[in-house]
1. Please work out the FRET efficiency for the pair LEU132 and ARG80, using the Cβ-Cβ distance as r and a Förster radius of 22 Å; give the result to the nearest 0.05.
2. Points 7 angstrom from Cα along the Cβ direction at TYR87 and VAL27: gap in nanometres?
3. Please list the three semi-axes, largest first and in whole Å, of the ellipsoid equivalent to the stretch 58-151, using sqrt of 5 times the eigenvalues of its alpha carbon gyration tensor.
4. For GLY82, what residues show an amide H to amide H distance below 5 Å, using hydrogens built from the backbone and excluding near sequence neighbours?
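All of the numbers you see were taken from the coordinates with simple rules; none came from a lab. Predicted, not measured: the structure shown is a model, and the values here were computed from it. Heads up, the Cβs are rebuilt from the backbone with ideal geometry, glycines too, and the neighbour counts pull from every protein chain shown.
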Amino acid sequence: MGAPLGMAAAGRDGGFLEQPGHTIVRVAALLAVVLFSGCGGGSNQTHPIPGDKGPAITVEVLNANGRAGDARIGTRLLRRAGIDVVYFGNAPQAGLDSTRIIVRRGQGKVGERVRSALGTGRVEVQLDSSRLLDVSVLLGADFMGSGGPLDFHP
């Protein structure tokens, strides 16, 4: 019996998988795709998850020493430590001698975690709920960066 009036009959283009008798091939191909798509290689090695060292911290990094590129280097150091840098750039005034880590929300231990990642800085608590971040970092002349590939990566 043909197609109903006004409807075209379903056609086949004669492809390999449409040939009668190739059901086993279709099932085998489907099984192979399912088995190999979920294959993870069987490795038991675990990789660190960025930010798994504690609760999320949002930070702004401002270059206050006048040396070009320090805010970017500081941002990379903090992100490598799993800290979320939401903004980086230049401070309104340059010439700061020492790095200041200003806690805006939370406790001083948040600033200590940032200090540990940067390797320098003095932690101060100046709570300011109007800012939508936890810590402001003002990089001073004592900030030496990494001295490694973080300095040169674009």
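1. Calculated value: 0.45.
2. For TYR87 paired with VAL27, the spin-label model returns 6.3 nm.
3. 19, 14, 12
4. Amide H to amide H, under 5 Å and 5 or more residues apart or across chains, GLY82 pairs with GLY51.
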